[in-house]
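K.L.:
Dropping the structure in here first, questions after.
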Amino acid sequence: LVVGSAGNGVSALGHRHRIWNNRITDTNYVAIECGCIGTGWATDSTDQEWWNNTCERTGRSGLQIRTLHNADPRKLVTRIHHNVVADFMLQDFDGGAFYVYGLDGAFTRIDHNVFRKERTDGLSFGAYWDYAKNYVFDHNVIDGPNRAIQVTCQYPAPKTCEGGTTNLLVYNNTALGAGAWGRSIDGAFDARSLVLNNVFSVHVFADPKGTTVNHWPRYGAATTVRN
């Protein structure tokens, strides 16, 4: 049991860590770049496994995986699975149940997790790839956040969202009570990505200022769902 932390509940910096069977609650109450479990952003983190943890109530993203990846993309070791992440993004916005920015995950697998959130204000996502590539995301349940999945742009092209690679495998996931996508699939995924056999409850998000707000396309358009 880990209770009460200004930053990470568990810091997973470095290589070959195994984190399992923990209850981690009331973390990151200063709402910085941390999580219930987090890698930080300055230290390379590889070949880790996080499973069967319950993470509850955190100021920002639940699982902060900004530097987590497979050391060798031919050896698929890094995996995050069978965790429950609840009540994340309590003090901040623009984050998610897990969050990664500007990284090649080398086919990190994120599977069989439950991401649950009651409050739906702000930019709150279930799965959040921010200019990242090469991940497998399957058999997860996302319940509550106002955008189930956010893929900001292809990697590494943050200004144009073109000419990079996403290469995400997103299949057999279920999103309840949430919009399917935070951004149009067509603007974020490339031809090497797979989005298949997902179940989403799709809502059309009204945009009071027109078709875009801070470069974000209109949410919930029918063309954004290929399932």
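K.L.:
Label-point separation (nm) for VAL199 and ARG74, each offset 7 Å from Cα along Cα-to-Cβ?
P.N.:
With each label point 7 Å from Cα toward Cβ, the separation is 3.9 nm.
K.L.:
Which residues' amide hydrogens lie under 5 Å from the amide hydrogen of ILE110, considering only partners 5 or more residues apart or on another chain, with H built in the peptide plane?
P.N.:
Correct list: ILE80, VAL136, PHE137, ASP138.
K.L.:
Sorted by mean Cβ packing within 10 Å, highest first, what order do the peptides 90-101, 1-12, 38-49 take? The partial results should precede the final answer.
P.N.:
Details: 90-101: 22.1, 1-12: 16.9, 38-49: 18.8.
Per-residue mean Cβ counts within 10 Å order the peptides as 90-101, 38-49, 1-12.
Bear in mind these aren't lab numbers, they're just calculated from the coordinates by the rules spelled out. Treat the numbers as computed from the prediction; the structure is a model and nothing was measured. Glycine also receives a Cβ, built like all others from the backbone with ideal geometry; neighbour counts cover every protein chain displayed.
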